[in-house]
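Report on the structure given below.
The values are calculated or read from the model by the stated rules, or taken from the named source; none is laboratory data. Keep in mind it's a predicted model, so treat the numbers as computed, not measured. Please note: Cβ atoms are built from the backbone with ideal geometry, for glycine as well, and neighbour counts cover all protein chains shown.
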Amino acid sequence: MHLDVAAAVALGDEGGLAAVSLRKVAARLDVGPMRLYGYISTKEELFDLMVDEVHAEILPEEQVGDWREVLRIRAHRTRQAVLRHQWLADLIGGRPPLGPNALAVTEATLSALDGLADLDTALRAAETVSAYFTGAIRREIANLRAEYATGLSKRDWQRASGPHLKRMLATGRFPALAKAVYDGTEIDAEASFATGLDWVLDAVAAKLTRPPA
């Protein structure tokens, strides 16, 4: 099965989820589609297997002790995996993946939080961090796809839309936005992701208190 899933991942990397089907995977492997239908009955099941395959890239080789570092590593490794497999952005954040690699990632996260607070607080902490990096990653991929679709880099798009934006800001109707545009510091996607993640981890830390012995 591993070769079948690897072929599906390769198809997704080349053409997105629209390029993935049981028949196309079979064709890539030069086998009959009935071989796959013997244990994969739907495209959704194939997607689930693809998601779990990539979770093997997210799980770190070694578990560090500090909970912040565990969650930080998970967030960054998830972002790196999605940048390599952009189709994953369409699947993360939906129903929880239940494959062995995905469950191992969840286990590592919850183990790092164990004992820092009551169970419900620990679960909310994990969910909060996951919600941040999932949303940030999906937004980054959406921006990359817009660049691919238009053929314009972010800077080129800014130049093209600049005259319109300047006219709108000159009306005086958007003073806070004007201040952000003219005085704000622009940072790249990786730095923005890391900064936001640190802020979320700081907020989570304020909620985690070790229970009395």
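Every residue in region 139-166 that is among the aromatic types (Phe, Trp, Tyr) and surrounded by 13 or more Cβ atoms within 10 Å (Cβ to Cβ), please. If you could, list the steps in order and put the result at the bottom.
Quick first cut of region 139-166, residues among the aromatic types (Phe, Trp, Tyr) only: 148, 157.
The one that is among the aromatic types (Phe, Trp, Tyr) and surrounded by 13 or more Cβ atoms within 10 Å (Cβ to Cβ): TRP157.
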- In region 96-115, what residues are more than 27 Å from LEU49 (Cα to Cα) and surrounded by 13 or more Cβ atoms within 10 Å (Cβ to Cβ)? LEU113
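Residues being assigned to a loop (DSSP other than H, G, I, E, B), more than 20 Å from GLY12 (Cα to Cα) and either in contact with a Leu (Cβ under 9 Å, 6 or more places away or on another chain) or among the acidic types (Asp, Glu) (or both): count how many of those fall in region 61-95.
In the first step, residues of region 61-95 are kept if they are assigned to a loop (DSSP other than H, G, I, E, B); the result is 61-66, 85, 91-95.
After this cut, where a residue has to be more than 20 Å from GLY12 (Cα to Cα) as well, the list is 61-66.
Filter once more, so that each one left must be either in contact with a Leu (Cβ under 9 Å, 6 or more places away or on another chain) or among the acidic types (Asp, Glu) (or both): 61-62, 66.
Adding up the residues that qualify gives 3.
Is it true that GLY172 is over 28 Å from TRP199 (Cα atoms) and among the small types (Gly, Ala, Ser)?
Considered against the rule, which asks whether it is over 28 Å from TRP199 (Cα atoms) and among the small types (Gly, Ala, Ser), GLY172 comes out as yes.
Do we find that ASP118 is modelled with pLDDT of 90 or more, loosely packed, with under 15 Cβ neighbours inside 10 Å and under 30 Å from ILE73 (Cβ atoms) in this structure?
On the way: modelled with pLDDT of 90 or more: yes; loosely packed, with under 15 Cβ neighbours inside 10 Å: yes; under 30 Å from ILE73 (Cβ atoms): yes.
Spelling it out, ASP118 is indeed modelled with pLDDT of 90 or more, loosely packed, with under 15 Cβ neighbours inside 10 Å and under 30 Å from ILE73 (Cβ atoms).
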- Given the residues THR121, THR109, which is the only one that is β-branched (Val, Ile, Thr) and over 30 Å from GLU45 (Cβ atoms)? THR121
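Results for (1) more than 16 Å from THR134 (Cβ to Cβ); (2) of a type in the set (A, V, I, L, M, F, W, C); (3) free of Cβ contacts under 8 Å to residues at least 12 places away in the same chain, shown as yes or no for each residue.
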position: VAL54; (1), (2), (3): no, yes, no
position: LEU59; (1), (2), (3): yes, yes, no
position: VAL70; (1), (2), (3): yes, yes, no
position: ILE73; (1), (2), (3): no, yes, no
position: ALA81; (1), (2), (3): no, yes, no
position: ARG84; (1), (2), (3): yes, no, no
position: ASP90; (1), (2), (3): no, no, no
position: LEU98; (1), (2), (3): yes, yes, no
position: LEU103; (1), (2), (3): yes, yes, yes
- Message: Taking the condition of being touching a residue at least 40 places away in the same chain (Cβ under 8 Å) and in a loop (DSSP other than H, G, I, E, B), how many residues in region 107-134 meet it?
- Response: 4
- Query: In the list LEU123, LEU169, which residue meets the criterion of being of a type in the set (A, V, I, L, M, F, W, C) and either in contact with a Cys (Cβ under 6 Å, 6 or more places away or on another chain) or surrounded by 15 or more Cβ atoms within 10 Å (Cβ to Cβ) (or both)?
  - Reply: LEU169
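Does region 174-184 contain any residue that is outside any helix (DSSP H, G or I) and over 26 Å from ARG84 (Cα atoms)?
At the first step, the residues of region 174-184 found to be outside any helix (DSSP H, G or I) are 174, 184.
Narrowing the set further to residues that are over 26 Å from ARG84 (Cα atoms) leaves 174, 184.
For region 174-184, residues outside any helix (DSSP H, G or I) and over 26 Å from ARG84 (Cα atoms): present.
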